[in-house]
Amino acid sequence: MELLSWQLGLPATFACLVFGYLLGSIPFGLILTRMAGLGDVRQIGSGNIGATNVLRTGNKKLAAATLLLDALKGTAAAAIASRWGIEAGLAAGLAAFLGHLYPVWLSFKGGKGVATYIGVLLGLAPVMVLVFGAIWLAMAKITRYSSLSALTATALVPVALYATGYGKVALLFAIMTVITWTKHRANIQRLLSGTESRIGEKG
C-alpha cells in the first residue's frame with residue numbers, strides 16, 4: 001500500500017528524526033521569558049512553555065514571539081528535510097513536533113503542540129495553513145473557545161489533506177492530531193464540564 005510504504009533508508013530516517021527533534025525541542029517560551037527578566041514561565045499558570053502560558057505573564061509581544069518561533073521551528077525542520085524527499089520532511093516534521101512536546105532539556109515536559117503543528121503544516125502543505133486558520137476562526141467566532149477551535153481544526157486538517165491528495169502527509173497529521181488531543185485532555189474535560197475559559201476571559 002503506497003500510503004504506508006517507506007523508501008527512505010534507516011540512516012537517513014534516523015538523521016532526520018534527530019535533526020527535527022533537536023530543532024523542535026528548543027524551548028523558546030522559556031528562553032524568551034527568562035531573557036525578558038520574567039523568570040521561569042513554568043512556575044505560572046499551567047506550567048506550560050507555550051505561547052498561551054507565556055501570555056499569562058502579561059506580555060503580549062513575548063507571547064506572539066513564542067507562538068511564531070514555536071511554529072517556525074516546525075516549518076524549518078520539515079522544509080529543510082524535504083529537500084531530500086517528502087519522507088525526510090515527514091520524519092523531521094514529526095520529530096520537531098515531538099521535540100516541542102517532550103524536550104529532553106526540560107525532563108520531557110514541553111508545550112501542547114498546536115503552534116508547532118501549524119508550523120509543520122506550513123512546511124509540508126502550505127495551503128492547508130489557510131484551511132486550518134479558516135476553521136479556527138470560524139469556530140472561535142461561534143464558540144469563543146480557543147481550545148475547541150484548535151481541536152476542531154486539527155481534527156479536520158488530516159481529512160482535508162487526504163481529500164486533496166496529500167496521502168502520507170494526511171497520515172502524519174492524523175497521528176499528530178491524536179497526540180494533540182491527548183495533550184489537551186484537561187481542556188477537553190473542562191469543555192465537557194463547561195468550565196473552560198472563553199476567548200477574552202481571564203483565568
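Things to note:
- Helical contribution to [θ] at 222 nm, DSSP H n ≥ 4, -39,500 (n - 2.57), averaged over the chain, rounded to 500: -22000 deg cm²/dmol
- Charge dipole (debye, nearest 20) of the range 116-199; +1 at Cβ of Lys and Arg, -1 at Cβ of Asp and Glu: 180 debye
- Highest-MSF residue in the chain out of LEU101, LEU38, LEU161 [GNM, Cα springs under 10 Å]: LEU38
- FRET efficiency, 1/(1 + (r/R0)^6) with R0 45 Å, evaluated for ILE142 and VAL104 via beta carbons: 0.70
- With every protein chain in place, the chain: carbon and sulfur % of accessible area (1.4 Å): 69 percent
- Gain on full stretching of the segment that runs from GLN43 to THR195 - 0.36 nm per residue minus C-alpha separation: 52.5 nm
- Here the gap between ALA163 and VAL18, fully extended at 0.36 nm per residue and compared with their Cα-Cα distance, gives a gain of 49.1 nm.
- The orientation-averaged projected area of the convex hull spanned by the Cα atoms of the chain comes to 11.5 nm².
- Lysine pairs meeting the criterion (Cα under 18 Å, 8 or more apart or interchain), as found in the chain: 7
- Figure legend: label point modelled 7 angstrom from the Cα of LEU171 along Cα→Cβ; residues of the range 1-35 with amide N under 19 Å from it are 1-17.
- For the chain, a Gaussian network of Cα nodes joined below 10 Å ranks GLY99, GLY50, GLY167 by mean-square fluctuation, and the top entry is GLY167.
- R0 of 45 Å, Cβ-Cβ distance LEU156-ARG34: FRET efficiency to nearest 0.05: 0.80
- Per-residue HN-Hα couplings for the range 15-22 [Karplus 6.51, -1.76, 1.60; θ = phi - 60°; Hz; x = Gly/Pro]: 4, 5, 5, 5, 4, x, 5, 4
- Residues in the range 6-136 average 47 Å² of solvent-accessible surface per residue, probe 1.4 Å, ligands and nucleic acids excluded.
The values are calculated or read from the model by the stated rules, or taken from the named source; none is laboratory data. Treat the numbers as computed from the prediction; the structure is a model and nothing was measured. Quick reminder, even Gly has a Cβ in these numbers, built from the backbone with ideal geometry, and neighbours come from all protein chains shown. The protein model used for the area step is the full one, side chains on, heavy atoms only, and it has no ligands, DNA or RNA in it. Shrake-Rupley method; radii C 1.70, N 1.55, O 1.52, S 1.80 Å.
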